[in-house]
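Chemist: I have a structure here, written as structure tokens, and I will follow up with some questions on it.
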Amino acid sequence: MTETSHSEGSTPQTPGNGTGVGERGEPLGPVLKKPGAGGSWRRPFARNGGAGSREIHHLGLVAALVLLALVGVFTEPDNFATSGNVVGILALAATIGVITVGQTFVIIGGGIDLSVGSVMALASVWATTVATQSYGPAVMALCAILVGTGAGVVTGILISYGRLVPFIATLAMLVAARGLAQRMSDRKTQLVRPENDAIEALSTTKVLGLPLVVYIFAAVAVVGWLLLNRTTFGRRTFAVGGNPEAARLAGIDVRRHTLLLYALSGFCCGIAAIIIMARTTTGSSTHGDLYELDAIAAVIIGGTLLTGGRGTVVGSILGVLVFTLITNLFILNGLQTSDQLVAKGVIIVIAVLLQRRGLRSPT
Amino acid sequence: MRDQSPRPTRRGVLFGGAAVAAGTLAAACTSNSEKDPAPAAQAGSLAGDNDKPGKQVTIGFSAPAADHGWIAAIAKNAEAQAKKYKDVTFKPVEPTNDINQQISAVETLIRAKVNVLVILPNDGEQLNQVARKAMDAGIPVVNLDRVFPDKLSYRTWIGGDNYGMGVSAGNYIGKKLKDKGVSNPVIVEIQGIATLPLTQERTKGFEDALKTYGFSVTAKQDAKFTVESGNQVASNLLQAHKKIDALWNQDDDQGVGVLAAIKQSGRKEFFMVGGAGSANAMREIKSGGGVLEATVTYPPTMAASAIKLARLIAQGKGMADLVELQAPQSLTLASETVTKDNVDTYMPLGFES
């Protein structure tokens with residue numbers, strides 16, 4: 001089916017088309033119309049202005065970043081616009097950023113993954129057990145990735161073949177993975193041992209002024225972008241999220257694709273676990289607390305529709321950077337976290353309001 | 001429908017193989033057994049012949065779920081201490097972070113007619129009622145650390161000194177900077193969960209102690225008692241202050257993340273004081289060379305002491321070193337400062353975070 005899916009994948013449920021190779025196809029006919037879903041009515045408008053509104057949305061986020069940066073420059077002229085601070089922000093964004101890339105795929109594919117934070121915690125704990133650590137840093141990293149992917153496969157199977165609602169299945173994984181992590185670690189913080197300091201080196205070694213974790217983040221983002229916009233897999237993701245029934249009729253194995261999306265999200269959690277181990281030198285069941293909300297928030301303000309079928313990796317990355325920048329600005333200015341939370345809430349609402357406007361008015 | 005029953009493809013086989021491999025690795029890597037360090041329960045007795053077997057007593061025990069090194073040490077120390085006595089039957093209930101569940105757990109213990117209760121409540125205010133119920137039913141309650149507002153709800157309170165902890169940290173930092181002759185020092189504080197009264201007390205004590213040296217806190221930021229939050233807050237704070245003279249981190253559990261952030265930034269110009277007294281922090285202090293010079297204790301061994309007190313109360317004995325015939329009504333433990341000089345003495349009391 002791979003050979004033919006080029007046209008199959010491009011269903012009308014891919015608004016914002018016109019730029020990406022994978023989104024340029026013509027609708028295949030009335031049979032593909034999504035029955036009764038709100039989104040489909042706007043589609044004709046969205047197609048006209050889709051690409052434009054997406055870029056406008058990105059521009060909006062970039063503007064927000066610039067605005068925040070200006071606030072930083074004015075309030076903390078000595079500390080904000082330093083290379084050290086910029087590197088710091090990128091390194092801080094790496095963990096949640098990698099998770100957000102995976103989350104973007106899941107949400108575009110019409111699902112949601114609430115388990116990301118606990119799966120990352122589980123992967124970090126599993127990779128730092130005494131037994132795993134005895135095999136050295138490479139196995140630790142591999143273990144983190146396998147545990148993350150494995151957890152993703154389990155939720156994926158539950159959702160695609162077990163027919164569980166994504167919200168429920170990943171909620172179950174959220175609770176269970178956290179519990180397993182606590183059990184495995186006996187609720188202790190597991191230090192990465194000195195002989196495995198290659199893990200920590202990911203955070204301390206700098207190439208061209210940037211720690212390696214930032215390169216991992218960048219690599220995941222670039223690969224994620226390519227996967228979404230330049231491959232059949234990406235096209236199918238849009239199709240499955242936009243209208244699963246149409247995608248199925250078009251010959252896409254929707255269930256298998258859904259499974260792969262959750263596996264991908266789990267894979268990203270595994271990579272994030274490596275980054276968090278590098279940054280904190282520990283594996284702990286407390287890692288990744290409420291990451292699911294941060295990741296979803298970043299995806300949403302990045303312009304991805306929570307109902308699926310539309311979204312971008314770039315937007316999500318910008319969303320992550322906005323949130324990380326806010327935290328940085330607040331701490332630089334000595335403000336407490338309670339105020340940050342309020343600011344984050346306000347930003348989410350504004351972003352979604354803007355998003356809706358962008359959808360309605362074809363510019 | 002091509003998607004209904006596909007033949008096993010090569011990709012499928014590969015994927016299956018990977019899954020099997022993952023399973024094997026999974027089975028191999030969960031083991032986490034290293035020689036488990038003995039719980040830090042103290043050998044030091046209350047002297048006299050109080051430790052000799054007396055009347056058989058049953059001690060009921062309820063505490064929050066151990067999602068933090070310190071709380072985990074509380075449960076462990078209590079159990080280890082109870083096991084040392086032949087005349088004590090230890091009856092712990094399932095630890096929980098849910099107020100409702102803890103209330104019903106304590107009710108279970110009341111119904112089981114234990115001789116004495118040791119309770120570390122999730123929240124003193126909210127557990128007050130059920131503790132009072134136990135007292136009314138004639139079961140003395142030893143209130144551990146988080147205090148019940150109503151004095152009729154407990155026979156004895158034993159706990160740490162949050163204000164004193166801040167004072168100890170403030171004194172160490174204040175004295176050291178004064179001796180160095182630093183004027184207008186940059187002093188940074190990383191708090192625990194900001195909404196907790198204990199955090200506010202620690203901060204107050206810290207500020208009050210610094211004031212006596214004419215210093216004040218330059219910046220403070222709250223973390224969440226987790227390694228990750230400590231790491232995040234510390235990385236940002238280090239960016240915010242190019243030069244720091246001293247840093248107090250209120251909690252050694254989150255301190256692991258704080259230390260990692262400091263190490264990654266390559267900063268060495270300041271010294272750091274920890275809080276609570278974890279084994280990790282003490283090892284760091286002992287090995288020296290890092291920024292962490294001292295930690296101020298908030299000892300989880302108080303749980304072992306609480307069990308001792310509970311036993312004495314149930315057996316109607318007093319504390320041997322005091323003249324009184326019965327155990328005291330309240331005991332506030334001092335927050336001690338652990339430095340390189342005395343770290344060996346305190347090491348056995350350090351808890352694994």
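Bear in mind that the values in this text are calculations on the coordinates, not laboratory data. These numbers come from a predicted model, not from an experiment. Here the Cβ positions follow ideal geometry from the backbone for every residue, glycine too, while neighbour counts run over all protein chains shown.
Chemist: Grab every C-alpha pair in the range A:39-360, bin the distances at 20 angstrom width from 0 up to the longest one, and report whole percents.
Modeler: In order of increasing distance, the bins hold 33, 58, 10 percent.
Chemist: Moving to a separate point now. Averaged over its residues, how many other protein chain Cβ atoms are within 10 Å of peptide A:322-334's Cβ atoms?
Modeler: On the way: counts 0, 0, 2, 0, 0, 3, 5, 2, 3, 11, 6, 2, 8.
Per residue, the number of nearby Cβ atoms from other chains is 3 on average.
Chemist: I've got another one for you. Report the rotationally averaged projected area of chain B based on its alpha-carbon convex hull, in square nanometres.
Modeler: Seen from a random direction, the Cα hull of chain B projects 25.4 nm² on average.
Chemist: Between the alpha-carbon centers of the range B:116-194 and the range A:283-348, tell me the distance in whole angstrom.
Modeler: One Cα centre to the other: 34 Å.
Chemist: Counting partner chain Cβ atoms within 10 Å of every residue's Cβ in A:133-141, what's the average?
Modeler: 1
Chemist: With +1 assigned to the C-beta of every Lys and Arg and -1 to the C-beta of every Asp and Glu, and no other charges, what is the dipole magnitude of chain B about the Cα centre in debye, to the nearest 20?
Modeler: It comes to approximately 660 debye.
Chemist: Please state the charge dipole magnitude for the range B:162-297, taken about the Cα centre, from unit charges on C-beta atoms (+1 on K and R, -1 on D and E), reported in debye and rounded to the nearest 20.
Modeler: 420
Chemist: When we measure straight from the Cα of residue B:175, which lysines land under 26 angstrom away, once same-chain ones fewer than 8 places off are left out?
Modeler: Here the lysines satisfying the reach criterion relative to residue B:175 are B:204, B:211, B:220, B:242, B:243, B:263, B:268, B:286, B:340.
Chemist: Whole-Hz ³J(HN,Hα) for each residue in the range A:77-91, computed from phi via Karplus 6.51 cos²θ - 1.76 cosθ + 1.60 with θ = phi - 60°, x for glycine and proline: what do you get?
Modeler: Taking θ as phi minus 60°, the curve returns x, 7, 10, 6, 7, 9, 4, x, 5, 4, 4, x, 4, 5, 5 Hz for the range A:77-91.
Chemist: Which of B:157, A:225 comes first, and how do the rest follow, when ranked by fewest Cβ neighbours within 10 Å?
Modeler: A:225, B:157
Chemist: Sticking with this structure for a sec: Which of the GluC sites (Glu not before Pro) found in the range B:255-353 are loop residues per DSSP with 13 or fewer other Cβ atoms within 10 Å of their Cβ?
Modeler: Listed in order of number, the matching sites are B:269, B:324.
Chemist: Which three extents, in angstrom, do the Cα atoms of the range B:162-297 have along their principal axes, listed largest first?
Modeler: 33, 32, 29
Chemist: Within 10 Å of each Cβ in A:75-84, how many Cβ atoms from other chains are there, averaged over the peptide?
Modeler: Other-chain Cβ atoms within 10 Å of each residue's Cβ, averaged: 2.
Chemist: Sort A:100-112, A:256-268, B:49-61 for me by packing, meaning the mean count of neighbouring Cβ atoms within 10 Å per residue, highest on top. Could you put the intermediate results ahead of the total?
Modeler: Working: A:100-112: 28.8, A:256-268: 25.4, B:49-61: 16.7.
Ranking the peptides A:100-112, A:256-268, B:49-61 by packing returns A:100-112, A:256-268, B:49-61.
Chemist: Please arrange B:247, A:212, A:191 by counting, for each residue, the other beta carbons lying within 10 Å of its beta carbon, fewest first.
Modeler: Numbers: B:247 26, A:212 18, A:191 21.
Ordered by Cβ neighbours within 10 Å, fewest first: A:212, A:191, B:247.
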